[in-house]
1. Quick one: is residue 108 surrounded by fewer than 21 Cβ atoms within 10 Å (Cβ to Cβ), in contact (Cβ under 8 Å) with a residue 24 or more places away in the chain and not aromatic (Phe, Trp, Tyr)?
2. Can you pull out every residue in the stretch 149-173 that is at pLDDT 95 or above and among the β-branched types (Val, Ile, Thr)?
3. With the requirement that a residue be under 16 Å from residue 158 (Cβ atoms) and among the hydroxyl-bearing types (Ser, Thr, Tyr), what does the stretch 95-124 give you?
4. Residues that are more than 22 Å from residue 114 (Cα to Cα) and touching a residue at least 12 places away in the same chain (Cβ under 8 Å), at least 2 per element: which helices (runs of 4 or more DSSP H) completely within the stretch 136-194 meet that?
5. Could you please give the count of residues in the stretch 44-91 that are modelled with pLDDT of 95 or more, crowded, with 19+ Cβ neighbours inside 10 Å and part of a loop (DSSP other than H, G, I, E, B)?
6. The conditions are (1) farther than 17 Å from residue 105 by Cα; (2) open to solvent by less than 30 Å² (accessible area, probe 1.4 Å), and residue 157 fails exactly one of them. Which is it?
7. Need the failing condition index for residue 94 against (1) touching a residue at least 24 places away in the same chain (Cβ under 8 Å); (2) loosely packed, with under 12 Cβ neighbours inside 10 Å, just the number.
8. Look through the stretch 48-65, keep the residues that are among the aliphatic types (A, V, I, L, M) and out of contact with any helix residue (DSSP H, G or I) (no Cβ under 6 Å at 6 or more places or on another chain), and return whichever of them is nearest to residue 92 (Cα to Cα).
Amino acid sequence: MLDSLTILAMAAEAVQRSESLELEREFTIRRPRTTDIPLLAQVERSAAQIYRTADLDSLADGATLDPYILITIANAGYLWVAVNRFDQPIGFLGGNYLSGNFHIIELSVAQDYQGHGIGSALVATMSQQVRQEGYRSITLTTFKDLPWNAPWYAKLGFAEVKVQEMGKEFEKLVESEARHGLDPKRRCVMRMVF
């Protein structure tokens, strides 16, 4: 039989666990600040650790986006940052114009925050803005066979399209990915049309 002090201690521990889970789910999406840019490499590196589970260690250890690219897309208004309750970056999405589409260059959510709706919220925020700006579709390239890639995007409304249907710029993009070690047989172009 438990005494009242033990029950009180167990209740306090349960409250602490509950509050800890709530803290993990709290995030805000905002425009990037100059001070965020150097921190996004850490977010991207953390996010990429999931590739180790698919024997793609080279992606987990590979280069992150060049800060110049991040600054360029931020200045264009096409970089969104998810921050935790302490205003520290925990995810980001960036993209640009590509052959009439808004093209997602990178979507990363730090490993400890994956699976909490942050990636979906980033996509929703971006989609709303680019739609208001007149874009009719959003594109990206991703792995066909990894559950957190093409199948995840499909749940958000993206569908695989043949690269040849998308035009020369997309063909060049897929060729560039192949030159950087990404197997084109495992990759695909996806598009969401509004």
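1. Against the criterion (surrounded by fewer than 21 Cβ atoms within 10 Å (Cβ to Cβ), in contact (Cβ under 8 Å) with a residue 24 or more places away in the chain and not aromatic (Phe, Trp, Tyr)), residue 108 does not qualify.
2. 161
3. 120
4. Helices (runs of 4 or more DSSP H) meeting the threshold: 163-166, 168-179.
5. Residues that pass the stated criteria total 2.
6. Against the list (1) farther than 17 Å from residue 105 by Cα; (2) open to solvent by less than 30 Å² (accessible area, probe 1.4 Å), residue 157 comes up short only on (2).
7. Of (1) touching a residue at least 24 places away in the same chain (Cβ under 8 Å); (2) loosely packed, with under 12 Cβ neighbours inside 10 Å, only one is false for residue 94: (2).
8. My answer is 65.
The values are calculated or read from the model by the stated rules, or taken from the named source; none is laboratory data. Bear in mind that the values here come from a model prediction, so they are computed numbers and not experimental data. Virtual Cβ from ideal backbone geometry, glycine too; neighbours counted across all protein chains shown. These area figures cover heavy atoms from the full protein model, side chains too; ligands, DNA and RNA do not enter into them. Shrake-Rupley method; radii C 1.70, N 1.55, O 1.52, S 1.80 Å.
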